[in-house]
1. Please tell me which of these pairs span more than 22 angstrom C-alpha to C-alpha: Lys43/Lys64; Lys75/Lys97; Lys60/Lys97; Lys43/Lys100; Lys43/Lys97?
2. Could you give each residue of the stretch 73-81 its phi-based ³J(HN,Hα) in whole Hz, using Karplus coefficients 6.51, -1.76, 1.60 with θ = phi - 60°, and x for Gly or Pro?
3. For the stretch 48-102, restrict the atom set to alpha-carbon positions and state the Rg and Dmax in Å.
4. Give me the Kirkwood hydrodynamic radius of the chain, using the inverse of the mean 1/r over all pairs of distinct Cα atoms, in Å to one decimal.
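A short reminder: the numbers here are calculations on the coordinates, not readings from a lab. Remember, predicted model here, so these are calculated numbers, not experimental data.
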Amino acid sequence: MEFIRNEKAFTLIEMMIVLLIISVLILIAIPNVSKHSKSIDEKGCNAYVQMVQGQIEAFKMDEKHLPTLDELTTKEYLPENAQCPDGTQLSIDGDGKVAKQVVDGGN
């Protein structure tokens, strides 16, 4: 019995306290990460729109007319299914400006 008393180890209470602290830290961190992911998606989409706008300008210089998204894809200015990283579809208006298409969620 003396051997067991001299053994150094964590008690169940100490382990429970550590798990409680870790759980609280995780509960604090997860909402902050999800809040920032929306901002990251928005900034990524804005950057992609600017890149597509640059490809439109390059197409205009090469072909001497405003392109459609299909023309940009077939002439390899853009990849297939060009869309924002968050899935937002893009369109080109009559002035050659890129716009994000607003999808109605049925509300």
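1. Values: Lys43/Lys64 31 Å; Lys75/Lys97 19 Å; Lys60/Lys97 12 Å; Lys43/Lys100 13 Å; Lys43/Lys97 18 Å.
Correct reply: Lys43/Lys64.
2. Per residue, the Karplus-derived 3J(HN,Hα) values read 6, 5, 8, 6, 7, 9, x, 4, 6 Hz.
3. 10.3, 32
4. On the way: mean 1/r = 0.0542 Å⁻¹.
About 18.4 Å, per the Kirkwood formula over Cα pairs.
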